[in-house]
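The values are calculated or read from the model by the stated rules, or taken from the named source; none is laboratory data. On a predicted model such as this, the values are computed, not experimentally measured, just so you know. Here the Cβ positions follow ideal geometry from the backbone for every residue, glycine too, while neighbour counts run over all protein chains shown.
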Amino acid sequence: MKLSSKIVIITAVIVMVMGLLTVFSIQAVVSRSLKEQLQDKGLSLARVMANDIANPLLNGDLLVVQRILKAVTEDGHSVEYAFVIAPDGKTLIHTFGDGFPEALLTANPIPAGRPHSIQLLVTEKGPIRDIGLKVLDGLDAELHVGFTETSIQRSLRRVTWIIALLTLGGIALACGAAWLLGRYVVRPLERLTRLTRRIGRGDLDQEVTAEAGDEVGILAQSFNQMIRNLRETIGRLKESEESYRLKNSELSAVWGRLKRREEVVSRLLKKVITAQEEERKRIARELHDETNQSLAALAVGLKAASALVTRDAEKAEKTLEDLKDSAVIIMRELHNIVYDLRPTLLDDLGLVPALRWCAETRLESHGVEVSMEVTGVSSRLPPEVETILFRIGQEAISNIAKYAGARHVHLCLRGAKDHVWLRVSDDGCGFDVDEVLREKEGKRSLGLMGMMERAGLLGGKVEVESNIGAGTIISVQIPISPRGEELDGQDSRALGG
Amino acid sequence: MAARIRAIIRLIPGRTFAAVFAIVVFFGTAGCVNLEKPKKVSLTQTPVSRVRVPDQVNGSGVLYFGFDRRLDPSEDVKMYAPFLRYLERETGYRFKLRVTLRNGNIVEDLGTGAVQFAAIGTLSYLEANKRYGVQALVRGVTGQKKGEYQALIITAPQSKIRSIGDLKGRSFAFGSKTSTQGHLIPRIMLKEAGIDIKDLSSYEYTGSHFETANAVVSGRFDAGGIQDTLGRELASRGLVRVIAVSGYFPSSNISVAPNVPPDVVARVKKALLEFDPQGKDKGGLYHWEQSEMPYGFIQAADRSFAGVRQWAEKLNLLNPPAEGRQGP
């Protein structure tokens, strides 16, 4: 049910209830008041009558008494009857023309010690209030006057009708006012409802007009404030969403890089393990193929020599001499193997001699001319820096020996306050750097990535410049200060894009 | 429609509705309920022309008190009614007033036992004592603080009568025929002045001091004999002029009928002697100062009436009543 209808109905019910209460209350009050007035008036009139009839009654002038009683009943005081019981207690004077109704005599006896008595009688002529009082205090004479209450009933009915009509009018008026009030209250609420529906559909651009300063107006203002807050919140949410989306993209990119790095690390780890195994194989092979064979030959030779010692001392001495040379060769072979693993030059003399030795031993034997330039490096570098730079140089030199076909190789080592820089350049055949790096399992790509990983361990970076037929330059820069950035400083090309 | 009504009812919580309904019913029935208990009486059935009024008075144990009429009978009743309540309180007996009608006789009421006690004047007492043996119990103490009173002869203020002697051949108003101050004493005063009633041009018994005063003031009579207190009061207001004042005579008394038991008499007499209308018993009295015993009572003895008895005999006022009393 509509709010305006509820207001009208509730108002009507309230007015009706109040109207009924008013009718009943006023009826009771008016009735009681009229009856009391009648009683008081009747008592006063009866006292006046008693006063008037006292002397004639005591003088025995009963006709005078009769005349007085009659005059009162005819005088329009609502007196229906009057009668007097004389002082002798036997004589009765009354106004009934057709005979005195005997029942009336005992209808309202005056109790002993009381000056008067009032009793309501129900008669054929309607309700009559009998007022009985002693004519004189001390005498047994009684005067009774009967006052009709018909006029009271008429007045009451009139009052009741008027109040009922007023109540009906009040109900109609109240309903009309309630309806108007309902419209006045409900209309802004309907506007709010329509706006709420629009907001539900996402339309936050409109606001309610808040004209009144009452509760509805305050509600409208609060509503508008709520819409503005919603707009601001949604705007901030959208900005946050955009920001999160950008961050999400960056995180995705970082994640990609991390994934690729993980792959690289995994490949490097495999490479390391493989290299380790290869190295062990090589060492095992060299030991087995060369050193072991040499040692076996030496053992045979020694056995033969020991057999010759007793038969031919001179031949035995010559054999032993030959075996001594073989032992020296074996020692040299072992020395080469060990040197290949980790040249003691590096630990004893430092990076520059180790690099020079590596380049000379690996390249000059292949007819490659090696030159080296060192500037700004007057003292030993930190061991890990020397190791990294040596390995990188060693890998570059190894690649030149295997693939470049170069005639000249130049090594340049330059030291500064906060970094050291190594460049290995050759005039070999060069290669397509991108293509090589894309070879995920290729030896050359792993070797290049290994160089970059090594440099990255100390916060450094490796740059590879090469073009086919134009030689290759590998540059590595290692900071001397504590480790800085991670992979972010490396050439993105090294990561394969 | 039913749905709407149900919707309306649902708007109002049950307890509220019940409370409102109870209030409406309460006020409604309160307004309609008549707390009185009316009696049903028929005004048209069994009308009778002669009605036997049930005896209102229970005669047993009730002492009736009568009085000589002086003022309006209603004023006399109003004055004696509270006095009887005093006697009831002091004696424990029930008293009722009995008013002697205008054509009645208090002396006969005393003699026949219609009343047991009566406040009567000296003349009435003398007659009652002679005829029935009525005895005076107490005498009233008058305004002069004694058990005696006087009578006055008055004229209108503008009258040319100056003394009793001027009353010969004039009209004269007496009070009640049984009145001492209104009849006996003025007769004595006239007799002492050498005037008999037949020397008057006319005379009349007005029935009361009040009517005598009226008759003189209105000019209907040239002079009148009246109670001293009333006469002095009227004179002080300039309504009458006093031309003669009598000597002192025994005041009004309260007498008792011969057949009243002695113990009752004794108790009533005691209460009368202890009556203090200006002191402790003043409350509740009605204009007692206008009575002939404004200061209470003193012991009465028959010998006190000897002098006035002689005059009454002399003036032949103690004979049995022949015709009815005069009255206005």
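Residues are listed down the side, and each one gets a yes or a no for (1) closer than 18 Å to residue A:6 by Cβ; (2) part of a helix (DSSP H, G or I):
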| residue | (1), (2) |
| --- | --- |
| A:190 | yes, yes |
| A:203 | no, no |
| A:209 | no, no |
| A:225 | no, yes |
| A:231 | no, yes |
| A:238 | no, yes |
| A:248 | no, yes |
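Residue B:238 meets all of the listed conditions (1) more than 24 Å from the chain's Cα centre (by Cα); (2) modelled with pLDDT of 95 or more but one, namely (2).
When you scan the range A:40-55, do you find a residue that is part of a strand (DSSP E or B) and β-branched (Val, Ile, Thr), even just one? There is no residue in the range A:40-55 that is part of a strand (DSSP E or B) and β-branched (Val, Ile, Thr).
The residues of the range A:97-120 that are closer than 16 Å to residue B:37 by Cα and part of a strand (DSSP E or B), listed by number, are A:117, A:118, A:119, A:120. Does the range B:112-131 include one or more residues that are touching a Pro at 6+ places or on another chain (Cβ under 8 Å) and either more than 20 Å from residue A:88 (Cα to Cα) or modelled with pLDDT of 90 or more (or both)? Yes, the range B:112-131 contains a residue that is touching a Pro at 6+ places or on another chain (Cβ under 8 Å) and either more than 20 Å from residue A:88 (Cα to Cα) or modelled with pLDDT of 90 or more (or both). Among residues that are within 13 Å of chain B (Cβ to nearest Cβ) and within 60 Å of the chain's Cα centre (by Cα), residue A:19 is included. Regarding the range A:39-53, can at least one residue be identified that is within 9 Å of chain B (Cβ to nearest Cβ) and free of Cβ contacts under 8 Å to residues at least 24 places away in the same chain? Yes, the range A:39-53 contains a residue that is within 9 Å of chain B (Cβ to nearest Cβ) and free of Cβ contacts under 8 Å to residues at least 24 places away in the same chain.
Among the candidates A:433, A:464, the residue that is over 15 Å from residue A:372 (Cα atoms) and in contact (Cβ under 8 Å) with a residue 60 or more places away in the chain is uniquely A:433. Looking at A:173, A:133, A:165, just one residue is more than 13 Å from every other protein chain (Cβ to nearest Cβ) and in contact (Cβ under 8 Å) with a residue 60 or more places away in the chain, and that residue is A:133.
All conditions but one from (1) crowded, with 17+ Cβ neighbours inside 10 Å; (2) modelled with pLDDT under 90; (3) of a type outside the set (D, E, K, R) apply to residue B:84; the one that does not is (2).
Cβ separations smaller than 8 Å between residues 6+ apart or across chains give the following pairs from the range A:284-313 residues that are more than 19 Å from residue A:330 (Cα to Cα) to residues that are polar (S, T, N, Q) and surrounded by 13 or more Cβ atoms within 10 Å (Cβ to Cβ): A:308/A:319.
Inside the range A:360-394, residues that are more than 20 Å from residue A:479 (Cβ to Cβ), in contact with a helix residue (DSSP H, G or I) (Cβ under 9 Å, 6 or more places away or on another chain), acidic (Asp, Glu) and surrounded by 14 or more Cβ atoms within 10 Å (Cβ to Cβ) make up a count of 0.
Taking residue A:100 as the residue in question, decide whether it is closer than 30 Å to residue A:167 by Cβ, free of Cβ contacts under 8 Å to residues at least 40 places away in the same chain, surrounded by 21 or more Cβ atoms within 10 Å (Cβ to Cβ) and aromatic (Phe, Trp, Tyr). No; evaluated as a whole, the condition is false for this residue. Restricting attention to the range B:249-269, the residues being in contact (Cβ under 8 Å) with a residue 40 or more places away in the chain and charged (D, E, K, R) number 2.
If you check residue B:296 against the conditions, is it under 22 Å from the mean Cα position of the chain (by Cα), farther than 27 Å from residue B:163 by Cα and loosely packed, with under 15 Cβ neighbours inside 10 Å?
When the stated conditions are applied, residue B:296 does not pass them.
Candidates in the range B:283-305 are the residues that are of a type in the set (Asp, Glu) and assigned to a helix (DSSP H, G or I); of these, the one that is nearest to residue A:138 (Cα to Cα) is B:289. Listed by position, the helices (runs of 4 or more DSSP H) enclosed by the range A:309-428 that each have at least 3 residues that are within 60 Å of the chain's Cα centre (by Cα) are A:383-399.
For the range B:99-116, the candidate set comprises residues that are within 14 Å of another protein chain (Cβ to nearest Cβ) and outside any loop (DSSP other than H, G, I, E, B); within that set, the residue that is surrounded by the fewest Cβ atoms within 10 Å (Cβ to Cβ) is B:109. The single residue among A:171, A:128, A:163, A:199 that is among the aliphatic types (A, V, I, L, M), touching a Gly at 6+ places or on another chain (Cβ under 7 Å) and assigned to a helix (DSSP H, G or I) turns out to be A:171.
Tell me the residue from A:24, A:83 that is within 13 Å of chain B (Cβ to nearest Cβ), surrounded by 18 or more Cβ atoms within 10 Å (Cβ to Cβ), in a helix (DSSP H, G or I) and of a type in the set (Phe, Trp, Tyr), please.
A:24
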